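> Have a look at this one before I ask anything.
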Amino acid sequence: MVGRGTLIVILGFSLIFGVASQYWNRESLAATDNFVQYYDETTVHNLAVSAANIAADSVFRDPRHTFSGVSDQLDGGTINMSSQWDILSGDSDLMVTAIGNYPGTYGNQVDTVQVILSPSRFSRFAFFSNSENGTYFITGDTLTGPYHTNGSMYLSGVPVIKGSVTTGTGTVPGTLPNASGDTLKCNSYQSGVNIPMPTSLSQYSTAATKTFSNTDANSGDTYDVYLTFGVNSTTGTPTVSFYTSLYTKSSGTTRIPATGDSTVALSTFESGGQGVILVNNGDVHVQGTLDGDVTVIAQQGPGTSANASNSISAKTPQKNLFMADGNSTPNGNVIIEGNIKYNTDPQTTPSSQDMLGLVADNSVAINTQTSQSLTIDAAVFARTGEFTYLNYNVGSTMGYLNLYGSISNNIRGPVGTFKAGTHTINTGYLKNYRYDSRLATMHPPSFPSTGTFDIVAWRE
């Protein structure tokens, strides 16, 4: 027989368990609902991410192709992909939009992923060439950043590459180290990699914010533009001083302006804070201190180059002009006449916005004769020619060529000679090439593209 007290206890527990069971049932249902909702949201997110990867792969396979409203079935749902050119800071990036749809348990689920793909620029390489042309990296040469050649890399002694090295056809000597101790110090190495140069620079004409154009049709005449970047010492305003020179066999040299240089605010050559200065059918000469974000492009035309010779004695009294008579070397060259420095040094001030691109249809050449070290802050690109010192094999040593930026050239040009067997400099410059790490994610305006894309933003 159950006592009254015991009965009350039993009834009390029954009431408690009855109330608790309703709570537990609600919690169980809520947990199930949460799990189902989480499953649906995860599934639709995975659909959107998968679609973004499929779309990005399509772009990498065919960089020129854009698409709109491409749909497919995937994992019980649907995906939709589209791409469009997105104009950012004067450059064309490609924006991919990927949408996932999934018929969830409690209603349709939608998720979107956007990917910004930026054309990969040659400036991301510390040094790039189609061919090394038998030119050696030697003991004392240093390079910081990624290096690539589509040919073989030539080594003498123990040069140092503080970055990755990729080649098309290996190294010379082929076995490292060899019997002489020739070897390479680098972060990583891979062979069998090929990256083609662009076939033309004509597409960059539309990006020009300032154009100097030579309309002279005589193929034996030369046209030169001289640019000196600077900063007004009183106002702090970035400036550019310039003049043009047309040499014709019939009338000699015409200089505009006749005497002195024209000096204007750099902003007059820019648009939206960036400048693309184009010299069409001529050569462009540069030097000075740049406070801005500018690319200088020398585009080849029917004229010839007055600066093809490396003979100092061939100069005329006119500033840095060589005699053009009988010269058949194509124009479209950038000539470096002295130090080119950033006003705000990114090596000490990483937030510096100063950036210079020197882009030539043919060659980028150094034309100084003073026996001292030279500083060049720039991303250099020579499409069919080379980056070289015009008098690399003349006279004595010139000190260090301190380049902060990047170099891309079709054929690696010499900047000096060295004594065989000693690995020491004989004439010209000893190289001190340092990579501007900003170029891994940034580039000068409209700098030439490798034809592929880099993912610069992924928005989920």
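Readers should treat all values here as calculations from the given coordinates under stated rules, not as data from a laboratory. Just so you know, these numbers come straight off a predicted model, no measurement behind them. Neighbour counts are summed over all protein chains in view; Cβ atoms, including those assigned to glycine, are modelled from backbone coordinates with ideal geometry.
> Order by neighbour count: His285, His45, fewest other Cβ atoms within 10 Å first, most last.
Lowest count first: His45, His285.
> Sticking with this structure for a sec: Here is the link list: Lys249/Lys341; Lys341/Lys419; Lys341/Lys431. Which ones come out longer than 24 Å on Cα distance? Don't skip to the answer; put the middle values down first.
On the way: Lys249/Lys341 36 Å; Lys341/Lys419 31 Å; Lys341/Lys431 17 Å.
Over 24 Å Cα-Cα: Lys249/Lys341; Lys341/Lys419.
> Need one number: nm distance between label points at Ile455 and Tyr400, each 7 Å from Cα along Cα→Cβ, rounded to one decimal.
Placing both labels 7 Å along Cα→Cβ, they lie 3.9 nm apart.
> Still on this structure, I have one more. Want the number for Ser437 to Val160: 0.36 nm per residue separation, take away the alpha-carbon distance, what's left?
Residue separation times 0.36 nm, minus the Cα-Cα distance, leaves 98.0 nm.
> Report, by chain and number, residues whose modeled amide H sits under 5 Å from the one on Gly275, excluding near sequence neighbours (fewer than 5 apart, same chain).
Placed amide hydrogens put Asp293, Val294, Thr295 under 5 Å from Gly275.
> Next question, about the same structure. So what J values fall out for the stretch 119-136 if you push phi through Karplus, 6.51 cos²θ - 1.76 cosθ + 1.60 with θ = phi - 60°, rounded to Hz, Gly and Pro as x?
My calculation for the stretch 119-136 gives x, 5, 9, 5, 5, 6, 8, 5, 8, 9, 8, 6, 9, 7, 6, x, 8, 9 Hz in order.
> Can you sort Phe447, Phe67, Phe387, Phe242 from fewest to most other Cβ atoms within 10 Å of each residue's own Cβ?
Phe67, Phe242, Phe447, Phe387
> Along the stretch 285-293, what does the Karplus equation 6.51 cos²θ - 1.76 cosθ + 1.60 (θ = phi - 60°) give for ³J(HN,Hα), rounded to whole Hz, x for Gly and Pro?
For the stretch 285-293, the Karplus-derived couplings read 10, 9, 5, x, 10, 9, 10, x, 10 Hz, x marking Gly and Pro.
> How long is the gain from Asn339 to Ser200 if the chain were fully straight, where each residue apart is worth 0.36 nm and the alpha carbon distance is subtracted? Walk me through the numbers before you get to the answer.
Working: separation 139, 0.36 × 139 = 50.04 nm, distance 2.85 nm.
Result for the pair: 47.2 nm of gain on full extension.
> Within 10 Å of each residue's Cβ, count the other Cβ atoms and sort Trp458, Trp85 from fewest upward.
On the way: Trp458 14, Trp85 11.
If I rank by nearby Cβ atoms, fewest first, I get Trp85, Trp458.
> As an exercise, use a Förster radius of 51 Å and the Cβ-Cβ distance of Gln37 and Asn232 to find the FRET efficiency, rounded to the nearest 0.05.
Calculated value: 0.20.
> Please compute the length gained on full extension between Ala258 and Asp75, using 0.36 nm multiplied by the number of residues separating them and subtracting their Cα-Cα distance. Mind dumping the intermediate values first?
Numbers: separation 183, 0.36 × 183 = 65.88 nm, distance 7.35 nm.
Full extension from Ala258 to Asp75 adds 58.5 nm.
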